[in-house]
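One structure is given here, and the rest of the page talks about it.
No lab work stands behind these numbers, since they all come straight from the coordinates. These numbers come from a predicted model, not from an experiment. Glycine gets a Cβ as well: all are built from the backbone with ideal geometry, and neighbour counts include every protein chain shown.
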Amino acid sequence: MIPVKPVTAPARPVQAPPVVDSPLMLFLEQAEVCREQARDAARLKRFRSALGLFATALALCRHVESKGDETQIALAQERLRSLSVESTTYGELARTARRGSR
């Protein structure tokens, strides 16, 4: 009888979930998800959906701005500025599209 060596799979490193400084950082991450979904909705000319998603992202950032520490507040304010510009731009597109469909 020939001795059989057990076959073992090479050990793979286990990836830990990303480290989040605080729950408020999750709000900022979720705001980014909303922003990306809003952009996708706008590309599909679903401007009302896009504006709702931008509003959600803005609300998440405002929450962090009101409850966060110095670093979180700075990040939230930066994102609020860019989200406001983007939201206004897509709002104008929505109004233009509505006028064009009448």
* Structure fact -> When the charge dipole of region 23-100 is computed with +1 on Lys and Arg Cβ and -1 on Asp and Glu Cβ about the Cα centre, the Cα farthest towards its positive end, among Gln37, Ala97, Thr56, belongs to Ala97
* To do: Would you mind calculating the gained length between Leu93 and Glu70 on full extension (0.36 nm times residue separation, minus the Cα-Cα distance), in nm to one decimal?
  => 4.8 nm
* Asked: Looking at region 23-100, what % of the alpha carbon pairs are farther apart than 20 Å?
  -> 30
